[in-house]
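Note sheet for the following structure.
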Amino acid sequence: MPELSQRVGNFTDSVIRRMTRISNQYGAINLSQGFPDFDPPKEIMDALAKAAYEGPHQYSITYGAQNFREALAAKQGKAIHRIIDPNTEIVVTCGGTEAMMCAMMTICNPGDKVMVFSPFYENYGADAILSGAEPIYIPLVPPEYEFDIRLVEQGFRDGAKAIIVCNPSNPCGKVFREEELVAIGKLAVQYDAFVVTDEVYEHMVYAPNRHICMASLPGMYGHTITCNSLSKTYSITGWRLGYLIGPAYVIEAAKKVHDFLTVGAAAPLQEAATVGLKYSEDYYEKLLETYTEKRNYFLAGLDRIGLKHNVPQGTYFVLIDISEFLELPQFRGFTDLEFCEWMIKEIGVAAVPGSSFFREEVNNLIRLHFAREKETLDEALGRLEKLKELK
Ligand code: GLN
């Protein structure tokens with residue numbers, strides 16, 4: 001057999017997406033891969049129906065349809081406190097996933113070091129390998145998921161080209177405080193490096209926490225590549241609409257990378273989603289209210305069952321500590337992955353094993369999400385109750 005590239009041997013398929021497939025196979029309630037089970041706003045669906053008949057059906061401009069980029073520049077300009085030039089400072093991509101990959105390929109040479117907080121969203125590992133970068137992991141230490149800024153400085157001193165900041169952070173729900181962002185940003189400027197942010201959960205930040213865009217901080221726009229997506233904000237994860245925002249010289253190069261990777265995001269979907277980008281603040285307030293309710297409801301349910309968990313400051317994920325179960329004779333020697341497989345088959349709820357997010361040896365956490373209708377959360381909690389009987 002002809003040989004494959006070495007790079008494909010260096011990472012596995014996504015465990016998050018694999019859990020969805022196993023969940024579907026057994027008909028479990030899927031709280032593994034994070035996506036909502038409810039529809040996007042009706043206006044967006046209506047706009048899609050209209051686009052089906054009126055177009056566009058052909059390629060948009062490779063780096064994004066003009067009206068989409070203009071609406072995006074207006075919306076994100078408010079978050080970044082700056083006038084964003086839709087022509088030179090934005091690339092529209094196929095989801096946040098391509099945005100991150102595109103950012104990495106735009107700034108990294110093979111062998112360049114990139115700092116990644118651990119736990120991390122699992123794509124970053126593959127992004128690093130595919131772009132030739134070498135990750136340096138900075139631990140976010142539970143229970144508060146704090147980090148030691150001296151390790152970040154050490155990473156920059158060792159020549160790191162960039163640091164990836166997922167804010168709010170998947171899977172631990174950390175929302176970086178202003179002083180943390182300022183400290184990271186100052187070092188990035190001092191060492192002339194980039195901050196690549198992943199802000200796809202920007203609208204799911206629970207009071208009293210506040211989302212601050214790294215790019216909005218004084219002096220940071222020139223050092224920040226903001227990656228983001230419409231998936232979570234408008235409940236359209238399957239539409240694969242993401243984007244990068246950054247200084248013009250970065251975006252000019254990123255446009256080339258994106259062009260040859262995918263040519264462009266789907267034109268009719270950009271047309272329809274533009275309606276969402278033009279929503280007023282009310283929409284985002286309502287979205288946050290919905291997710292705040294879901295979070296409180298789900299966490300209260302976990303408490304009733306007696307499952308130990310973190311309290312996410314943002315995102316729709318919660319990490320559950322399964323140590324007490326792993327100590328039971330029937331689970332002796334189980335990995336967290338095996339525990340999740342068991343849960344899918346025997347409990348009927350799918351989770352993601354924590355080990356797929358941590359650099360450290362972590363076997364006692366699983367991640368669930370609560371982007372589900374209340375009835376589904378009830379059903380899931382009812383099933384999780386069966387875990388109680390094991391104790
Ligand atoms: N961010 C989502 C999660 O962590 C999944 C995104 C994806 O699968 N592309 O579950």
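Work out, in µm²/s and without decimals, the Stokes-Einstein translational diffusion coefficient of the chain at 37 °C, 0.692 mPa s, Rh from Kirkwood over C-alpha pairs.
Working: Rh = 21.6 Å.
Estimated via Stokes-Einstein, D reaches 152 µm²/s.
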(message) What would the Debye equation give as log₁₀ I(q)/I(0) for the range 141-286 at q = 0.21 Å⁻¹, counting only Cα atoms as equal point scatterers?
(response) -1.41
(message) On a straight-distance basis, which lysines could pair with residue 374 in a cross-link, Cα separation under 27 angstrom, same-chain partners fewer than 8 positions away excluded?
(response) 42, 174, 232, 286, 294, 308, 345, 386, 388, 391
(message) Using the basic label-point model (7 angstrom from Cα toward the beta carbon), what is the residue 328 to residue 248 distance in nanometres?
(response) 6.2
(message) Starting from the 7 Å offset along Cα-to-Cβ, what nm value, one decimal, do you get for the label separation of residue 67 and residue 373?
(response) 3.2
(request) Take the Cα pairs of the range 266-324, get the Kirkwood Rh, then feed it into Stokes-Einstein at 10 °C and 1.306 mPa s and tell me D in µm²/s. (result) 113
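Grab the DSSP H runs of the chain that are 4 residues or longer, score each as -39,500 (n - 2.57), total them, divide by all residues and round the 222 nm result to the nearest 500 deg cm²/dmol. Working shown, then result.
Details: 14 runs with 162 residues, N = 391.
So the helix-based figure for the chain works out to -12500 deg cm²/dmol.
How long are the three semi-axes of the equivalent ellipsoid of the range 175-232, in whole Å, if each is the root of 5 times an eigenvalue of the C-alpha gyration tensor, listed from largest down? Before the final figure, lay out the partial values.
Values: eigenvalues 86, 39, 11 Å².
Each semi-axis is the square root of five times an eigenvalue, giving 21, 14, 7 Å.
State the percentage of accessible surface on the chain attributable to carbon and sulfur atoms; use a 1.4 Å probe and exclude ligands, DNA and RNA.
On the way: 9080 of 17020 Å².
Of the solvent-accessible surface of the chain, carbon and sulfur hold 53 percent.
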(request) Let me know the Rg and Dmax you get for the range 134-222 when you use only its Cα atoms, in Å. (result) 12.6, 37
(message) Which three extents, in angstrom, do the Cα atoms of the range 225-340 have along their principal axes, listed largest first?
(response) 57, 36, 27
(request) Could you work out which residue, out of 334, 68, 120, moves most in a Gaussian network model of the chain, that is, has the largest mean-square fluctuation with Cα springs under 10 Å? (result) 334
(message) Between helix 178-190 and the chain, what is the angle of the helix's C-alpha long axis to the longest principal axis, kept within 0 to 90° and rounded to the nearest 10?
(response) 50
(message) At 1.306 mPa s and 10 °C, plugging the Kirkwood radius over alpha-carbon pairs of the range 70-134 into Stokes-Einstein gives what diffusion coefficient in µm²/s?
(response) 119
(message) If I model a spin label at residue 38 and residue 50 as a point 7 Å from the Cα along the Cα→Cβ vector, what separation in nanometres do I get?
(response) 2.4
(message) Eigenvalues of the Cα gyration tensor times 5, then square-rooted: what semi-axes does that give for the range 269-391, in whole angstrom, largest first?
(response) 32, 17, 13
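Per residue, how big is the convex hull of the range 15-71 when only Cα atoms are used? Give it in Å³. Before the final figure, lay out each step's value.
Numbers: hull volume 9.4 nm³, N = 57.
Hull volume normalised by residue count: 164 Å³.
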(message) Once R0 is set to 45 Å, what does the formula 1/(1 + (r/R0)^6) return for the Cβ-Cβ distance between residue 390 and residue 263, expressed as a FRET efficiency to the nearest 0.05?
(response) 0.30
(message) If you average the C-alpha positions of the range 1-28 and of the range 165-200 separately, how far apart do those two centres end up, in angstrom?
(response) 29
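Using only the Cα atoms of the range 53-203, what semi-axes does the equivalent ellipsoid have when each is the square root of 5 times a gyration tensor eigenvalue? Give whole Å, largest first.
Values: eigenvalues 169, 63, 47 Å².
In descending order the semi-axes read 29, 18, 15 Å.
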(message) Just want to confirm a number: the relative contact order over the chain, from Cα pairs under 8 angstrom separated by 6+ residues, in percent.
(response) 25
(message) Under 18 Å between alpha carbons, and skipping anything fewer than 8 positions from residue 78 in its own chain: which aspartates and glutamates qualify?
(response) 70, 89, 178, 198, 199, 202, 281, 282, 285
(message) So if I take the centroid of the Cα atoms in the range 259-311 and the same for the range 94-159, what is the distance between those two points in Å?
(response) 24
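Give me the 1.4 Å probe accessible area per residue for the chain, excluding ligands and nucleic acids, in Å².
Working: 17020 Å² over 391 residues.
About 44 Å² of surface per residue is accessible.
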(request) Before anything else, pin down the relative contact order of the range 271-346: Cα pairs under 8 Å, at least 6 apart, normalised by residue count, whole percent. (result) 14
(request) Show which lysines lie in cross-link reach of residue 161 when reach means a straight Cα distance below 18 angstrom and same-chain residues fewer than eight apart are skipped. (result) 113, 186
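How much of the calculated P(r) for the range 6-106 lies past 23 Å, in percent of all Cα pairs?
Details: 2661 of 5050 pairs.
Cα-Cα pairs in the range 6-106 separated by more than 23 Å: 53 percent.
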(message) Using only the Cα atoms of the range 347-391, what are the Rg and Dmax in Å?
(response) 12.6, 36
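The values are calculated or read from the model by the stated rules, or taken from the named source; none is laboratory data. Predicted, not measured: the structure shown is a model, and the values here were computed from it. Here Cβ is always computed from backbone atoms with ideal geometry, including for glycine, and neighbour counts include all displayed protein chains. Side chains are part of the model used for accessible areas, which takes the heavy atoms of the whole protein and leaves out ligands, DNA and RNA. Shrake-Rupley method; radii C 1.70, N 1.55, O 1.52, S 1.80 Å.
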